[in-house]
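Here's the structure, in C-alpha coordinates; my notes come after.
The values are calculated or read from the model by the stated rules, or taken from the named source; none is laboratory data. Since this is a predicted model, take the numbers as computed values, not measurements. Because the Cβ atoms are built from the backbone with ideal geometry, glycine has one as well, and the counts that use them run over all protein chains shown.
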Amino acid sequence: MPDYTEAASITLLPDSQLVGICLQPGVATALFGQRPEAAIPLKELESPLDWAQLENTLLLQPNLWRQALAVYRWLKQHKLDQEYLPEPFATLLQNIANSSGDEKLGQLDSFFNPRTIERQFKQYIGISPKRYQQLARVNRVMDQLRHEPNAMPLTDIAHHMGYSDQAHLSREFKAFNRITPKQYRTIILNRDSSSTSA
(Lines give C-alpha, C1' and ligand atoms only; values in the text may rest on other atoms or scores of the structure.)
Protein backbone atom coordinates (compact mmCIF):
# COMPACT_ATOMS: atom_id res chain seq x y z
CA MET A 1 0.00 0.00 0.00
CA PRO A 2 1.18 3.54 -0.57
CA ASP A 3 1.75 6.03 2.23
CA TYR A 4 -1.45 7.70 3.37
CA THR A 5 -1.36 11.12 4.96
CA GLU A 6 -5.11 11.62 4.90
CA ALA A 7 -8.13 9.49 5.66
CA ALA A 8 -8.77 7.10 2.80
CA SER A 9 -11.56 4.74 1.82
CA ILE A 10 -10.61 1.19 0.90
CA THR A 11 -13.14 -1.12 -0.74
CA LEU A 12 -12.83 -4.81 0.10
CA LEU A 13 -14.52 -7.77 -1.50
CA PRO A 14 -17.02 -9.72 0.63
CA ASP A 15 -15.34 -12.01 3.16
CA SER A 16 -12.07 -10.09 2.79
CA GLN A 17 -9.93 -9.45 5.82
CA LEU A 18 -7.47 -6.63 6.30
CA VAL A 19 -4.65 -6.10 8.75
CA GLY A 20 -3.18 -2.61 8.78
CA ILE A 21 0.03 -1.36 10.31
CA CYS A 22 1.00 2.24 10.92
CA LEU A 23 4.75 2.68 10.51
CA GLN A 24 6.94 5.49 11.77
CA PRO A 25 8.15 7.96 9.12
CA GLY A 26 10.91 6.54 6.95
CA VAL A 27 10.37 2.93 7.98
CA ALA A 28 8.52 2.04 4.76
CA THR A 29 11.61 3.03 2.76
CA ALA A 30 13.81 0.79 4.92
CA LEU A 31 11.26 -2.01 4.96
CA PHE A 32 10.46 -2.15 1.27
CA GLY A 33 13.73 -0.85 -0.17
CA GLN A 34 11.71 1.97 -1.73
CA ARG A 35 8.88 4.26 -0.76
CA PRO A 36 5.71 2.59 -2.11
CA GLU A 37 3.71 4.74 -4.52
CA ALA A 38 1.05 2.08 -5.09
CA ALA A 39 0.15 -1.40 -3.90
CA ILE A 40 2.99 -3.77 -4.76
CA PRO A 41 3.04 -7.54 -4.21
CA LEU A 42 5.65 -8.32 -1.56
CA LYS A 43 7.41 -10.78 -3.86
CA GLU A 44 8.16 -7.98 -6.35
CA LEU A 45 9.95 -5.76 -3.85
CA GLU A 46 13.71 -5.46 -3.98
CA SER A 47 14.54 -5.82 -0.31
CA PRO A 48 16.98 -7.88 1.74
CA LEU A 49 14.10 -9.07 3.94
CA ASP A 50 12.66 -12.56 3.61
CA TRP A 51 9.09 -11.85 2.55
CA ALA A 52 8.33 -15.53 1.92
CA GLN A 53 8.99 -16.25 5.61
CA LEU A 54 6.50 -13.56 6.65
CA GLU A 55 3.92 -14.73 4.12
CA ASN A 56 4.22 -18.35 5.29
CA THR A 57 3.93 -17.28 8.93
CA LEU A 58 0.77 -15.28 8.16
CA LEU A 59 -0.84 -18.20 6.31
CA LEU A 60 -0.37 -20.40 9.39
CA GLN A 61 -2.20 -18.01 11.73
CA PRO A 62 -5.79 -18.94 12.67
CA ASN A 63 -7.22 -15.39 12.80
CA LEU A 64 -6.58 -11.69 12.16
CA TRP A 65 -5.42 -11.05 15.73
CA ARG A 66 -2.72 -13.70 15.42
CA GLN A 67 -1.73 -12.35 11.98
CA ALA A 68 -1.33 -8.83 13.38
CA LEU A 69 0.73 -10.24 16.25
CA ALA A 70 2.92 -12.19 13.80
CA VAL A 71 3.57 -9.03 11.75
CA TYR A 72 4.40 -7.09 14.91
CA ARG A 73 6.86 -9.77 16.04
CA TRP A 74 8.41 -9.92 12.58
CA LEU A 75 8.93 -6.15 12.54
CA LYS A 76 10.41 -6.23 16.05
CA GLN A 77 12.74 -9.06 15.02
CA HIS A 78 14.04 -6.93 12.13
CA LYS A 79 14.28 -3.82 14.35
CA LEU A 80 12.65 -1.62 11.76
CA ASP A 81 12.48 1.88 13.15
CA GLN A 82 13.97 5.30 12.55
CA GLU A 83 17.53 3.99 12.93
CA TYR A 84 17.37 3.42 9.15
CA LEU A 85 17.21 7.18 8.64
CA PRO A 86 20.37 9.28 8.56
CA GLU A 87 20.95 10.56 12.09
CA PRO A 88 20.54 14.30 11.43
CA PHE A 89 17.28 13.62 9.55
CA ALA A 90 15.90 11.36 12.31
CA THR A 91 16.71 14.14 14.79
CA LEU A 92 14.85 16.67 12.61
CA LEU A 93 11.76 14.40 12.56
CA GLN A 94 11.93 14.11 16.35
CA ASN A 95 12.25 17.91 16.66
CA ILE A 96 9.17 18.36 14.46
CA ALA A 97 7.22 15.82 16.52
CA ASN A 98 8.13 17.67 19.73
CA SER A 99 7.51 21.17 18.38
CA SER A 100 4.38 23.26 18.77
CA GLY A 101 3.90 23.14 15.00
CA ASP A 102 4.22 26.77 14.04
CA GLU A 103 8.03 26.95 13.95
CA LYS A 104 9.94 27.36 10.70
CA LEU A 105 12.17 24.43 9.76
CA GLY A 106 15.24 26.61 10.24
CA GLN A 107 14.26 26.98 13.90
CA LEU A 108 14.12 23.20 14.28
CA ASP A 109 17.29 22.27 12.41
CA SER A 110 20.53 24.02 11.58
CA PHE A 111 22.30 20.98 10.07
CA PHE A 112 20.52 20.90 6.68
CA ASN A 113 19.82 23.68 4.22
CA PRO A 114 16.17 23.98 3.07
CA ARG A 115 16.75 22.24 -0.29
CA THR A 116 18.40 19.26 1.40
CA ILE A 117 15.49 19.02 3.84
CA GLU A 118 13.02 18.99 0.91
CA ARG A 119 15.01 16.23 -0.86
CA GLN A 120 15.30 14.13 2.31
CA PHE A 121 11.56 14.40 2.95
CA LYS A 122 10.78 13.43 -0.63
CA GLN A 123 13.16 10.46 -0.45
CA TYR A 124 12.22 9.07 2.97
CA ILE A 125 8.74 10.34 3.78
CA GLY A 126 7.12 11.17 0.44
CA ILE A 127 5.55 14.45 1.52
CA SER A 128 6.83 17.98 1.98
CA PRO A 129 8.26 19.08 5.33
CA LYS A 130 5.34 21.51 5.73
CA ARG A 131 2.80 18.73 5.18
CA TYR A 132 4.67 16.58 7.69
CA GLN A 133 4.54 19.42 10.24
CA GLN A 134 0.79 19.71 9.68
CA LEU A 135 0.33 15.97 10.09
CA ALA A 136 2.42 15.93 13.28
CA ARG A 137 0.41 18.82 14.70
CA VAL A 138 -2.94 17.16 13.89
CA ASN A 139 -1.66 13.97 15.56
CA ARG A 140 -0.82 15.98 18.70
CA VAL A 141 -4.36 17.40 18.70
CA MET A 142 -5.79 13.88 18.34
CA ASP A 143 -3.62 12.67 21.23
CA GLN A 144 -4.81 15.58 23.38
CA LEU A 145 -8.46 14.85 22.60
CA ARG A 146 -8.03 11.10 23.04
CA HIS A 147 -6.33 11.32 26.43
CA GLU A 148 -8.12 14.35 27.90
CA PRO A 149 -11.23 15.04 25.79
CA ASN A 150 -12.70 17.62 28.18
CA ALA A 151 -9.45 19.15 29.49
CA MET A 152 -9.78 22.40 27.53
CA PRO A 153 -11.99 24.08 24.93
CA LEU A 154 -11.05 23.66 21.27
CA THR A 155 -10.13 27.35 21.05
CA ASP A 156 -7.52 26.84 23.77
CA ILE A 157 -6.22 23.67 22.10
CA ALA A 158 -5.93 25.59 18.82
CA HIS A 159 -3.93 28.36 20.49
CA HIS A 160 -1.76 25.89 22.44
CA MET A 161 -0.93 23.91 19.26
CA GLY A 162 0.03 27.00 17.27
CA TYR A 163 -3.09 27.46 15.12
CA SER A 164 -4.22 31.01 14.37
CA ASP A 165 -7.76 30.19 15.55
CA GLN A 166 -10.24 27.34 16.03
CA ALA A 167 -11.38 27.53 12.40
CA HIS A 168 -7.78 26.96 11.24
CA LEU A 169 -7.54 23.91 13.54
CA SER A 170 -10.84 22.56 12.24
CA ARG A 171 -9.87 22.97 8.57
CA GLU A 172 -6.52 21.25 8.99
CA PHE A 173 -7.93 18.49 11.22
CA LYS A 174 -10.76 17.78 8.76
CA ALA A 175 -8.35 17.70 5.79
CA PHE A 176 -6.57 14.74 7.37
CA ASN A 177 -9.45 12.97 9.15
CA ARG A 178 -12.63 13.88 7.24
CA ILE A 179 -14.25 14.92 10.52
CA THR A 180 -13.86 18.02 12.68
CA PRO A 181 -12.13 18.06 16.07
CA LYS A 182 -15.54 18.57 17.68
CA GLN A 183 -16.90 15.45 15.97
CA TYR A 184 -13.77 13.52 16.98
CA ARG A 185 -14.16 14.65 20.59
CA THR A 186 -17.81 13.49 20.55
CA ILE A 187 -16.75 10.06 19.23
CA ILE A 188 -14.13 9.75 21.99
CA LEU A 189 -16.57 10.81 24.70
CA ASN A 190 -19.26 8.40 23.42
CA ARG A 191 -16.71 5.58 23.26
CA ASP A 192 -15.50 6.32 26.78
CA SER A 193 -19.03 6.51 28.20
CA SER A 194 -20.09 3.25 26.51
CA SER A 195 -16.97 1.43 27.75
CA THR A 196 -17.52 2.59 31.35
CA SER A 197 -21.21 1.62 31.30
CA ALA A 198 -20.53 -1.83 29.82
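The residue that is modelled with the highest pLDDT, counting only those in the range 96-124 that are under 21 Å from N139 (Cβ atoms) and loosely packed, with under 15 Cβ neighbours inside 10 Å, is K122.
Answer yes if at least one residue in the range 14-26 is outside the structural domain of D156 (by TED's automatic domain parsing) and at pLDDT 80 or above, and no otherwise. Checked the range 14-26: at least one residue is outside the structural domain of D156 (by TED's automatic domain parsing) and at pLDDT 80 or above.
Out of curiosity, is Y4 aromatic (F, W, Y), at pLDDT below 65 and closer than 30 Å to T180 by Cα? Judged against the criteria, Y4 is a match.
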